[in-house]
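Following: one structure in structure tokens, then a few remarks.
The values are calculated or read from the model by the stated rules, or taken from the named source; none is laboratory data. Model, not experiment: these values are computed from the prediction. Glycine also receives a Cβ, built like all others from the backbone with ideal geometry; neighbour counts cover every protein chain displayed. Areas reflect the complete protein model, heavy atoms only, side chains present, ligands, DNA and RNA absent. Shrake-Rupley method; radii C 1.70, N 1.55, O 1.52, S 1.80 Å.
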Amino acid sequence: MKPDDLVRMANQIAQFFAPYPPLEATAGVVDHLEKFWTPAMRKELVSVCRGLMPTAQPPHPLVAQAARQLGDGAHE
């Protein structure tokens, strides 16, 4: 999948959870990504958030935080 498409979709998820308290919001994004995205999609999103793949739109801060949690291996 194209990195820009992953960021667009992840940012939409983050916008849904943005009104929640910060820890709940990040947990909600992580939970959604784990339930509905393939491992390959999550891995690519982590790479995007680490700056390894350029995108036109930056990841939402909640996406970046969720990617850090996913990238640390605790949520695989």
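Determine the gain in length on full extension of the stretch residue 34-residue 1; use 0.36 nm per residue of separation and subtract their C-alpha separation, reporting nm with one decimal.
10.2 nm
Given a 1.4 Å probe and every protein chain left where it sits, what share in percent of the accessible area of the chain is carbon and sulfur?
Numbers: 2730 of 4640 Å².
On the chain, the fraction of accessible area on carbon and sulfur atoms equals 59 percent.
Note down the magnitude of the dipole of the range 1-45 about its Cα centre, charges +1 on Lys and Arg C-beta and -1 on Asp and Glu C-beta and zero elsewhere, to the nearest 20 debye.
That gives a dipole near 100 debye.
Please report the net charge: other residues with Cβ closer than 14 Å to the Cβ of residue 23, K and R +1, D and E -1.
Overall, the nearby charge balance is -1.
Would you work out which of 62, 17, 6 lies farthest towards the positive end of the dipole of the chain? Charges go on Cβ: Lys and Arg +1, Asp and Glu -1.
6
Normalised by the number of residues in the chain, what is the relative contact order in percent for Cα pairs under 8 Å and 6+ residues apart? Let's see the in-between values first.
Numbers: 75 pairs, mean separation 32.2, N = 76.
This gives 42 percent for the chain.
Per the helix-only calculation at 222 nm, which mean residue ellipticity applies to the chain, given -39500 (n - 2.57) for every DSSP H run of n ≥ 4 and division by its residues, nearest 500 deg cm²/dmol? Don't skip to the end; give the middle numbers.
Numbers: 4 runs with 52 residues, N = 76.
So the calculated ellipticity at 222 nm is -21500 deg cm²/dmol.
Taking the Cα centre of the chain as the origin, how large is its charge dipole in debye, to the nearest 20, when only Lys and Arg (+1) and Asp and Glu (-1) carry charge on their Cβ atoms?
So the magnitude is around 160 debye.
Given the Cα-Cα distance of residue 53 and residue 20 and 0.36 nm per residue of separation, how much length would full extension add, in nm?
9.0 nm
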